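For reference, the structure discussed in these notes is given below.
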Amino acid sequence: MQWTDRIRQVKILLVIAAILIAVTSLLVSHYLVKDLSREERKKMEVWAQALHALNQADENTDLTLVLDVIQGNTTIPVIVIDSNGHVNDYRNIDLDDKTATDSEKYVSDYGRRLYKSGKYIRIHLGDSTKTNDYQLVCYDESTLLKRLSQYPYWQLGIVMIFVVVAIFALLSSKKAEQNKVWVGLSKETAHQLGTPISSLMAWVEVLKENHPDDEMIPEMDKDVKRLERIAERFSKIGSLPEPKDNSMNEVINHVVEYMRKRTSNKVDIICKLPDNDVIVKMNASLFEWVIENLCKNAVDAMEGHGQIVITLIEEGKHVVIEVTDNGKGIRKKDIKNVFTPGFTTKQRGWGLGLSLAKRIVEEYHKGHIYVKSSEVGKGTTFRIEL
């Protein structure tokens, strides 16, 4: 439980760090674009002064520097409009096929938009600023500045895609690694159990021959067979067992019979099964393990006294199994973690039972298992859909 909380805290810290990086990137780009915008404004003021000098030039004026300034603008779109609203000149404006046919109207409208947005410099043609004879030098942001304005968003988009792909790859590799651990652990456990179980089976047969009337020997035989079934389950975890038609009624009854013998008399296990056999394609041995895990968790949650209700329902083409207890329930914040390997609310629990159950239901039987409802102090219902 503490481990899961720590993982959640790390995720929150990573999200906060990502948000801070994104905000910082946007702020830096914003100020950079603002500085470049001011520089372009200064360039246009110099360009406007050069245009004014050209308009005021006489035969004694050296126009070399003026023309160099005017012709040096090759990036910033500029439109010169007179006091009557007519376009006198324009530069660095791309006219595509649609606008080429009516270029004057397009450039005129473009200039008005720039004027309304405040991107213009007024040039008075006379000696006095009070004269009505003037020109407006309307300018837009250069292509480079527009690209820089959009760059942070493209950058963040690419970074987000990279992060998502990286997280997906990490989760996939982590899951593959976990699967290898599960498979190795399961097969090794089955292998290690094999030899002592075979020896116990032989000793039980010897005891049967020497003490045929002993009532304890059949019970020992059942426990040995139980161990053999557990070893078989572990051996099947590492592979995809082929499902066969089996009665879900029988599977549930086997689990209930086993649980009743090994739990307190204060635990009442109730089965609500349909009269007809519900036939499902499944591996009966593994599916018994799922129901058994849910029942054991219910017994632990009830602390040895209470009621477990196992309900089997047919809903069209689906089969639903619900296991309900009236135990201590699960906190809302823990519900999404109950199937996470290692998560447990028990002091001596390993946190593997429900994760194994989820693997068996969803990976081997293509079904779905989840917490249907849970309320602290009232109980929990797990639901399996096949």
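The values are calculated or read from the model by the stated rules, or taken from the named source; none is laboratory data. What you see is a predicted model; the values in this text were computed from it and never measured. So basically every Cβ, Gly included, is an ideal-geometry build from the backbone, and we count neighbours across all protein chains shown. These area figures cover heavy atoms from the full protein model, side chains too; ligands, DNA and RNA do not enter into them. Shrake-Rupley method; radii C 1.70, N 1.55, O 1.52, S 1.80 Å.
Per-residue answers, yes or no, for (1) under 37 Å from the mean Cα position of the chain (by Cα); (2) at pLDDT 85 or above:
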position	(1), (2)
LEU240	yes, no
SER247	no, yes
GLU250	no, yes
HIS254	no, yes
ARG260	no, yes
SER264	no, no
VAL267	no, yes
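Scanning segment 28-49 for residues that are within 18 Å of ARG122 (Cα to Cα) and open to solvent by less than 90 Å² (accessible area, probe 1.4 Å) yields GLU40, ARG41, MET44, GLU45, VAL46, TRP47, ALA48. Inside segment 353-362, residues that are free of Cβ contacts under 8 Å to residues at least 40 places away in the same chain and among the charged types (D, E, K, R) make up a count of 2.
Rundown of residues vs (1) aromatic (Phe, Trp, Tyr); (2) free of Cβ contacts under 8 Å to residues at least 12 places away in the same chain; (3) over 22 Å from GLU228 (Cβ atoms), yes/no style:
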| site | (1), (2), (3) |
| --- | --- |
| MET248 | no, no, yes |
| VAL256 | no, no, no |
| ARG260 | no, yes, no |
| GLU288 | no, no, no |
| GLN307 | no, no, yes |
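When residues in segment 83-121 are screened for being in a loop (DSSP other than H, G, I, E, B) and either without any contact (Cβ under 8 Å) to a residue 12 or more places away in the chain or open to solvent by 50 Å² or more (accessible area, probe 1.4 Å) (or both), 11 of them pass. Considering the conditions (1) within 23 Å of TYR115 (Cβ to Cβ); (2) open to solvent by 70 Å² or more (accessible area, probe 1.4 Å), VAL80 is excluded by exactly one of them, (2).
What residue, of ILE313, ILE369, ILE360, is open to solvent by less than 20 Å² (accessible area, probe 1.4 Å) and assigned to a strand (DSSP E or B)? After ruling out the rest, the residue left standing is ILE369. Would you confirm, using the coordinates I've provided, whether ASP221 is acidic (Asp, Glu) and surrounded by 13 or more Cβ atoms within 10 Å (Cβ to Cβ)? So ASP221 passes the test.
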